[in-house]
1. Ignoring ligands, DNA and RNA, what percent of the accessible area of the range 1-124 is carbon or sulfur (1.4 Å)?
2. To the nearest whole percent, what portion of all C-alpha pairs in the chain is separated by more than 32 angstrom?
3. Just tell me which lysines come within less than 21 Å, Cα to Cα, of K229; anything on the same chain fewer than 8 places away is out.
4. In the range 74-143, what trypsin sites (Lys or Arg not before Pro) fall in a loop by DSSP, with at most 14 other Cβ atoms inside 10 Å?
5. Between the helical axis of 43-64 and the dominant principal axis of the chain, each derived from Cα atoms, what acute angle in degrees is found, rounded to the nearest 10?
6. For the range 170-209, just the Cα atoms, rotate onto the principal axes and tell me the three extents in Å, largest first.
7. Calculate, for the chain, the solvent-accessible area per residue in square angstrom, rolling a 1.4 angstrom probe over the heavy atoms of the protein chains.
8. In µm²/s, what is D for the range 1-104 at 20 °C and 1.002 mPa s, where D = kT/(6 pi eta Rh) by Stokes-Einstein and Rh is the Kirkwood radius from Cα pairs?
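The values are calculated or read from the model by the stated rules, or taken from the named source; none is laboratory data. Keep in mind that what you see is a predicted model, and the values were worked out from it rather than measured. Cβ sites come from the backbone with ideal geometry, for glycine too, and all protein chains shown count toward neighbours. Accessible surface areas use protein heavy atoms only, side chains included; no ligands, DNA or RNA. Shrake-Rupley method; radii C 1.70, N 1.55, O 1.52, S 1.80 Å.
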Amino acid sequence: MDDRVRQVEAIIEYEFKNKGLLKLALTHSSAALNQANIGLDNERLEFLGDAVLELSISEYLYKTYPDMNEGQMTRSRAGLVREAALYRAARRMGLGEHIHMSHGEEMSGGRDKPAILSDTLEAVIAAIFLDGGFDAAKRFVLNFTHQSIENKEVSLYVTDYKTTLQEYVQRRHKGSTLEYRLAGEEGPDHKKVFLMQLLFNGEVIGEGAGTSKQSAGQEAARLALKRLKKDNPE
């Protein structure tokens with residue numbers, strides 16, 4: 001078990017002061033029942049981890065995307081914390097091979113079951129929270145969250161204007177090109193604002209500002225789509 005702990009610490013880039021917390025987070029209920037240690041599994045940690053995860057994502061969305069309204073933040077958060085998203089993140093980490101479970105559960109494919117992997121990831125979040133505090137847990141959450149966003153496993157926008165614009169151009173303006181260009185940055189590092197320009201066949205048809213390049217690009221795409229539809233009504 002100590003090897004398992006060290007390997008997972010390397011994966012999650014966090015070293016525990018209390019190794020027992022990580023051991024507990026990696027213990028599936030089937031293993032605890034096998035050992036007649038009812039309750040010595042990760043289910044209580046999973047409960048706590050779910051709350052820490054939601055708070056981390058809520059704060060991230062609130063601070064990073066001021067252009068999102070409450071409904072958009074709610075739906076974006078739901079996409080980031082749902083079982084499928086956590087399962088993919090846990091698989092990327094290879095977390096399944098380090099979970100302590102019964103032989104029967106393992107033989108039934110337990111190491112790749114979405115529910116088991118997502119629950120274990122939430123338990124690990126809670127273990128980090130209890131061991132190192134909220135900031136440490138949040139860093140871990142945002143690390144795998146950013147990977148999910150970069151891999152386009154989830155979309156932060158209810159309306160993905162970049163994709164919608166691309167599809168519209170392919171349908172109505174075949175052969176045309178779209179290019180996003182960073183036009184400038186303003187403000188201090190902790191409160192930076194980005195300006196993105198969208199070029200259609202080399203001509204700027206949309207400019208957007210945002211607290212991230214992604215949000216600025218989405219705004220530029222929204223305005224460009226509005227302009228193209230106005231000039232070329234369907």
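1. The computed percentage sits at 51.
2. Here the long-distance tail beyond 32 Å is 35 percent of all Cα pairs in the chain.
3. In chain and number order, the partners are K162, K174.
4. Qualifying residues, ordered by number: R82.
5. 20 degrees
6. Its Cα atoms span 41, 16, 10 Å along the three principal axes.
7. 54 Å²
8. It diffuses with D of about 138 µm²/s by this estimate.
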